[in-house]
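Structure below; questions to follow.
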């Protein structure tokens, strides 16, 4: 099965039975066999075709969603939790600046970021990994993609993003942080902002890097500088906007044209949605 796409899940969509069930297990033994060494060559060719289709559908779907910022974080924080609400604030602020908010599409921090974008009248995307049947997208995504393979999903979340915001999370979040940091460190992607939010949560990680890894020579002090640590949404958004505007050349808030009637809003248009539309990027491909 290749990547599947759906749009605008209903607000009445069945919720995940438990946040702790998100991401546990796998649907098929065949997925485990993929990484267990050589297999029958016809089967390997079949897998290769399926992977190609996943990439193709992902590229076709995400090419037109606009410049994205990806928000990483745990699925285990319910609505009302401090990290959920911080993600919600970040999602709203990013949407107000014209970014499409991309997450893994699940509960917790992911839902908070998608929810904030929806409430601000912005666009929101979820890129999920295909796992057990109790797993459902949160009801705040406008576009939802489901992938069989983790590495395809990771490529999609990095390829279409102009910045990354990381809230507290577990193994999956750490994987995403360090894979992105490694791609930036090795020049495989440009030095996009990689912002970690929650000083208290990430404090020991930064101490490990500063006090153990740098003295051991396994990383350079400049590698730590690639990770921006803050608790302030405005600081995080300002960093991302400045990079997008000054280095990536994106026009996130183009001037409105009187000739095109962009100074006047139709009374039938919902104000938040209209404001987001007015601030959204020009519908052209970003510069190479």
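Given R₀ = 30 Å, FRET efficiency for residue 222-residue 82 by Cβ-Cβ distance, to 0.05?
Calculated transfer efficiency: 0.45.
Another question, if that's okay. Treat each spin label as a single point 7 Å out from the Cα along the C-beta direction, and report the residue 45 to residue 151 distance in nm.
Between residue 45 and residue 151, the label points sit 2.1 nm apart.
Also: Starting from the 7 Å offset along Cα-to-Cβ, what nm value, one decimal, do you get for the label separation of residue 174 and residue 52?
3.8 nm
For residue 186 and residue 235 in one chain, what is 0.36 nm times their gap in residues minus the Cα-Cα distance, to one decimal in nm?
Roughly 15.0 nm would be gained on extension.
We did not get these values from a lab; they are worked out from the coordinates using the rules stated. Computed from a predicted structure; not experimentally measured. Note that we place each Cβ from the backbone using ideal geometry, even for glycine, and neighbour counts take in every protein chain shown.
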